[in-house]
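Participant: Can you read through this structure? Questions will come right after.
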Amino acid sequence: KKTVLSGIQPSGSLTLGNYIGALKNFPKLQDDYDCYYCIVDLHAITVPQEPKLLRKNTLEVLALYLACGIDPDKSTIFIQSHVHEHAELAWVLNTITYMGQLNRMTQYKDKSKKYNESINAGLFTYPVLMAADILLYQADLVPVGEDQRQHLELARDIAVRFNNKYSETFNVPEPFIGDLGSKIMSLQDPTVKMSKSDQDENAFISLLDDKDTIRRKIKRAVTDSENNIAYNDSQLGLKNLINIYSCLTDKKVDEIVGMYQNRGYGKFKEDLAEIVIESLLPIQKKYNEYMSDKTYLEDIYSLGASKAERKASKTLKKVYKKIGFVAKK
Ligand code: TYM
């Protein structure tokens, strides 16, 4: 079986973008692949986090993983900081990554603009830790949204460089990036991606938003004054809404455009709101059940950590040997 690895940061409530771009694909892969899904708390602390909230958000992401259909009997679900090999391999990989490469990472550039007062070295080497996450499990496939493509390229590059320097060690992973759903845009500004850290609550739909909030946010979503349902780059707001519609219903874009011809945006938005609600309701219901059973969540992440550790420690031992570290007796 081939191996899949992906992760999500516990840095606030997950959005519809996280869901459509990544999370929705996670359970689909678990029958055909050996899947590892982690909650990347080490990544989350590269920007300021409130300790109490971080702890809460970490369990929330775990509960959402389960609620979205990741089955702990099929997939390994774990918390990144529980498997110390991640930080250790990241250190080694830091020493074969060029500063210049990291300087070119667009996400780093964006985030360093945003947090310009308190840029830390961790934010800079963030993509190296991500490479460690992936390479530790010898992943073949990494399901992510479009914004992670550049990080994936770097992970591949690091793997190849290590292999060339020390002989074949790492599998070189492929990105798995969906088509329409790989970049869900802000509902308030369709030129920027939907983000859980957006200051404007109306810009994103949280997976835990209630019905009325979802209806309101979609109603207020920025479109244009054409009032004609079409799918093109001069109607970006509408294009984004059609993408969401298509991803949640598996209806083709042309079919959706056809269905709403000559009907204005009102009806389209109303229907879309109900589709989003119907998609999220079962997830929210299960999420609440999981959140009320902390012992179960503990069992899942404890079991996950030991399963993950088995594979991770094997890779790290190999790496240490190749670079010439003396093995501990
Ligand atoms: P994070 O936590 O920012 O986002 C989690 C996943 O959601 C995707 N995503 C989106 N997809 C479509 N439209 C959007 N608006 C949108 N916003 C977010 C992201 O692409 C991602 O797949 N660095 C990663 C976490 C990570 C990771 C890994 C991923 C750490 N280690 C190893 C894969 C493998 C991140 O910040 O994701």
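The values are calculated or read from the model by the stated rules, or taken from the named source; none is laboratory data. All figures in this text were calculated on a predicted structure; none of them were measured in a lab. FYI the Cβ positions are ideal-geometry reconstructions off the backbone, even for glycines, and counts take in every protein chain you see. Ligands, DNA and RNA are stripped out before the accessible areas are found, and what is left, the full protein with its side chains, is counted by its heavy atoms. Shrake-Rupley method; radii C 1.70, N 1.55, O 1.52, S 1.80 Å.
Here is a yes/no grid of residues against (1) within 13 Å of the ligand (Cβ to nearest atom); (2) over 19 Å from the mean Cα position of the chain (by Cα):
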residue	(1), (2)
Ala121	no, yes
Asn171	no, yes
Asp189	yes, yes
Ser195	yes, no
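Participant: Separate question: Scan the stretch 15-39 for residues that are more than 9 Å from the ligand (Cβ to nearest atom) and assigned to a loop (DSSP other than H, G, I, E, B) and jot them down.
Facilitator: If the condition is that a residue be more than 9 Å from the ligand (Cβ to nearest atom) and assigned to a loop (DSSP other than H, G, I, E, B), then Gln30, Asp31, Asp32 are the ones that fit.
Participant: Gln261 is checked against (1) loosely packed, with under 13 Cβ neighbours inside 10 Å; (2) assigned to a helix (DSSP H, G or I) and fails just one. What number does that condition carry?
Facilitator: It fails just one condition, (2).
Participant: Moving to a separate point now. State which residue is nearest to the ligand (Cβ to nearest atom) when the search covers only the stretch 40-54 and only residues that are over 18 Å from the mean Cα position of the chain (by Cα) and open to solvent by 90 Å² or more (accessible area, probe 1.4 Å).
Facilitator: For the stretch 40-54, the residue satisfying everything is Pro48.
Participant: Give, as residue ranges, the helices (runs of 4 or more DSSP H) completely inside the stretch 69-183 that count at least 3 residues that are open to solvent by 50 Å² or more (accessible area, probe 1.4 Å).
Facilitator: The qualifying helices (runs of 4 or more DSSP H) are 85-94, 106-114, 149-166.
Participant: Shifting gears a bit: Looking only at residues in the stretch 137-163 that are more than 12 Å from the ligand (Cβ to nearest atom) and of a type in the set (S, T, N, Q), which one is farthest from Tyr19 (Cα to Cα)?
Facilitator: The selected residue is Asn163.
Participant: Please name all residue pairs, on different chains or six or more residues apart, with Cβ atoms under 6 Å, provided the first residue is in the stretch 197-209 and is more than 21 Å from Lys114 (Cα to Cα) and the second residue is in a loop (DSSP other than H, G, I, E, B).
Facilitator: Ser206/Ser13; Leu207/Leu14; Leu208/Ser13
Participant: Looking at Ser313, is it open to solvent by less than 60 Å² (accessible area, probe 1.4 Å) and hydroxyl-bearing (Ser, Thr, Tyr)?
Facilitator: Judged against the criteria, Ser313 is a match.
Participant: Output the residues belonging to the stretch 222-258 that are charged (D, E, K, R), open to solvent by 50 Å² or more (accessible area, probe 1.4 Å) and in a helix (DSSP H, G or I).
Facilitator: The answer is Asp254, Glu255.
Participant: Could you please give the count of residues in the stretch 20-39 that are surrounded by fewer than 21 Cβ atoms within 10 Å (Cβ to Cβ) and either free of Cβ contacts under 8 Å to residues at least 60 places away in the same chain or among the β-branched types (Val, Ile, Thr) (or both)?
Facilitator: Residues that pass the stated criteria total 6.
Participant: Mind listing whichever residues of the stretch 270-298 are closer than 11 Å to Ile218 by Cα and surrounded by 20 or more Cβ atoms within 10 Å (Cβ to Cβ)?
Facilitator: Scanning the stretch 270-298 gives Leu272, Ala273, Val276.
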